[in-house]
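**Q** One structure, pasted below without further comment.
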Amino acid sequence: MATSAHRLTAPRTIRSIQRFAQQALAVLEQDYPDASTELVFGDPYQLLVATILSAQSTDKRVNQVTPELFKQFPNAATLSRANTSELQALIRSTGCFRVKARSLVRMASKLVEHHRGEVPPSMNCLTALPGVGRKTANVLLGHAFNSPGFPVDRHVLRVSNRLGLVQTNSPIHAESELTKLFRKPEWTHVSDVLIQHGKKVCKPRPSCDVCSVRRQCKYQQQRSVA
């Protein structure tokens, strides 16, 4: 990971923000050349289940749970018939296990009822499933279906605000603004890069001294003035 800050053009107009966004991406790509989802999955069904479990949890913890979960419930049909208590026991360590168990069973039932057990490759169909919001749907679009999707989680929201790419606490609004700054084929990749930066450097208590883009970071500038 680079420890020297790069000089970037400070954003002013929408076009300069777009240029800045591309410059920042180019720098951060050097730090995270292999950025991708850390969830382990073999098909869209597995990624959907894993992403639902990742809420209020970590990818590492989810990856510890899913092998046994998928062994017992290898598809939507088996998951739709799951015993709630047994399912809760399997996913307990991911947190909010009662809510997640209900969502998983209901989601699987909807897949069986409306999609023949297959995960649909569209935003509208995905967000109609229980427990699936735009972030989860975008993860599926980008990583399972190779379609444009810009997942905005807490890391993307934090990093994009600190860099000055967006000014909002709303993931939906942030998604709308960020998709204007990057080309469609880049969306999922940009999200993955921002997530990695948020996990490793731009944490709630950031390590600004090793941040590659700190000199033009709005958050860092405000800290320096304070």
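**Q** Relative contact order of segment 125-190: what whole-number percent is it, with Cα pairs under 8 angstrom and at least 6 residues apart?
**A** Reported as a whole number, the value is 30 percent.
**Q** In addition: In straight Cα distance, which lysines are under 16 Å from LYS203, not counting same-chain residues fewer than 8 positions off?
**A** Partners within reach: LYS218.
**Q** Along the Cα→Cβ direction, 7 angstrom out, place labels at ILE172 and LYS200. What is the inter-label distance in nm?
**A** Going by the 7 Å Cα→Cβ label model, 3.3 nm.
**Q** Identify all aspartates and glutamates with a Cα-Cα distance to LYS199 below 17 Å; exclude those on the same chain that are fewer than 8 residues away in sequence.
**A** Result set, ordered by chain and number: GLU29, ASP31, ASP34, GLU38, ASP59, ASP153, ASP209.
**Q** Please label the shape of segment 32-148 as rounded, prolate or oblate, based on the square roots a ≥ b ≥ c of the eigenvalues of the alpha-carbon gyration tensor (a/c under 1.5 means rounded; beyond that, a/b larger than b/c means prolate, else oblate).
**A** Here segment 32-148 falls in the oblate category.
**Q** Counting only heavy atoms of protein chains, what accessible area per residue, in Å², does the chain have with a probe of 1.4 Å?
**A** Counting only protein heavy atoms, the per-residue value for the chain is 51 Å².
**Q** Mind putting a number on the dipole of segment 18-91 about its Cα centre? Charges go on the C-beta only, +1 for Lys and Arg and -1 for Asp and Glu, and I need it in Debye to the nearest 20.
**A** Dipole size: approximately 220 debye.
**Q** Sequence neighbours fewer than 8 away in the same chain don't count; with that in mind, list the lysines whose C-alpha is under 20 Å from LYS100.
**A** Straight-distance partners of LYS100: LYS60, LYS71, LYS110, LYS135.
**Q** Given the options SER191, SER103, SER85, state which has the largest fluctuation in a GNM of the chain using a 10 Å cut-off (strictly under) for Cα springs.
**A** Fluctuation is largest for SER85.
**Q** On full extension of the chain, what length is gained from GLN72 through SER36, given 0.36 nm per residue of separation minus the C-alpha to C-alpha distance? Intermediate values should be presented prior to the final figure.
**A** Details: separation 36, 0.36 × 36 = 12.96 nm, distance 2.69 nm.
Working it through step by step, the gained length comes to 10.3 nm.
**Q** Using the charge dipole of the chain (Lys, Arg: +1 at Cβ; Asp, Glu: -1 at Cβ; taken about the Cα centre), state which of LEU69, ILE195, SER122 has its Cα farthest towards the positive end.
**A** Value: ILE195.
**Q** Over segment 102-226, how many percent of alpha carbon pairs lie in each 5 Å bin up to the one with the longest distance?
**A** 2, 11, 18, 19, 16, 12, 9, 6, 4, 2, 1, 0
**Q** While we're here: Rounded to a whole number, what % of the accessible area of the chain do carbon and sulfur atoms account for, probe 1.4 Å?
**A** 48 percent
**Q** With θ set to phi - 60° and the Karplus curve 6.51 cos²θ - 1.76 cosθ + 1.60, what are the ³J(HN,Hα) couplings of segment 108-117 in order, to the nearest whole Hz, using x for Gly and Pro?
**A** 5, 4, 5, 4, 5, 6, 10, 10, 6, x
**Q** What distance in nm separates the two pseudo spin-label positions at CYS208 and LYS180, each 7 Å out from Cα along the beta-carbon direction?
**A** In this crude label model, CYS208 to LYS180 measures out at 2.8 nm.
The values are calculated or read from the model by the stated rules, or taken from the named source; none is laboratory data. This structure is a prediction, so every number in the text was calculated from the model and none was measured. Cβ: placed from backbone, ideal geometry, glycine included. Neighbour counts: every protein chain shown. Quick note on the areas: whole protein, heavy atoms, side chains included, nothing else; ligands and nucleic acids left out. Shrake-Rupley method; radii C 1.70, N 1.55, O 1.52, S 1.80 Å.
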